[in-house]
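What follows is a single structure, written as structure tokens, with notes after it.
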Amino acid sequence: AFDAMLGALVAGRVAVESVIDYVVAGAKSDVRAVFAGSVNYLRLPGTPLRATRGDRRFAGVLYDQGLPLRVVYAAFVLAIARREVRSPSAPRHPAIRTLHYFCGALDEILETQPDQAYIEYLAAKIKPLVAQKDALLQASS
């Protein structure tokens, strides 16, 4: 069990280091691309396994608007929690096909500025679903 935990920690450290290297290398040459790469909605339940050209373009538009990543994160959490944390008897929503799905949540976060503790509470609620999607993404790569 310890060896498995150690292996997971080492893999996580390597992944974080590669992201940091990417951000540092790209921050000077193409900040917009770094921002677009940071908007990783594909890890969210109900989203596609791959981003489209339109998704990357829209993430670039969000960057051009000066939208902070914390706002994007809060919108993702809010929208996914509303979509996924509901009564089992409620009908399932169709799959999310594009990053544009989150536009309404982005507007709401900007207008209402919810408390960060509430966003973290919702994030904890959807964490198991995000873990399931991560496993699916790893299996498909």
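The values are calculated or read from the model by the stated rules, or taken from the named source; none is laboratory data. Bear in mind the structure is a predicted one, so any value in this text is a computation, not a measurement. Every residue, glycine as well, gets a Cβ built from its backbone with ideal geometry; the counts of neighbours run over all protein chains shown. Quick note on the areas: whole protein, heavy atoms, side chains included, nothing else; ligands and nucleic acids left out. Shrake-Rupley method; radii C 1.70, N 1.55, O 1.52, S 1.80 Å.
Compared with the direct C-alpha span, the chain from Glu111 to Asn40 gains 23.3 nm at full extension, assuming 0.36 nm per residue. With both labels modelled 7 Å from their Cα along Cα-to-Cβ, the Gln65 to Ala139 distance reads 3.5 nm.
Arg43 sits with roughly 100 Å² accessible to a 1.4 Å probe, with DNA, RNA and ligands left out of the calculation. Computed 3J(HN,Hα) for the range 100-117, one whole-Hz value per residue from the Karplus formula 6.51 cos²θ - 1.76 cosθ + 1.60 where θ = phi - 60°, is 4, 3, 8, 4, x, 5, 4, 4, 4, 4, 5, 6, 9, 6, x, 4, 4, 4, glycine and proline marked x. Note on Leu6/Thr52: beta-carbon distance plugged into 1/(1 + (r/R0)^6) with R0 of 22 Å gives a FRET efficiency of 0.05. In plain terms, the bigger the Kirkwood radius, the slower the diffusion; for the range 67-125, with that radius from Cα pairs, at 37 °C and 0.692 mPa s, Stokes-Einstein puts D at 271 µm²/s. For the range 34-141, with all protein chains in place and a probe radius of 1.4 Å, 56% of the accessible heavy-atom surface sits on carbon or sulfur. Using the 1.4 Å probe convention, the accessible area of the range 79-141 works out to 68 Å² per residue with neighbouring protein chains retained. Work from the charge dipole of the range 76-141 (Cβ charges, +1 for Lys and Arg, -1 for Asp and Glu, about the Cα centre) and give the residue of Thr112, Leu99, Ser141 farthest towards its positive end. Looking along the dipole axis, the top candidate is Ser141.
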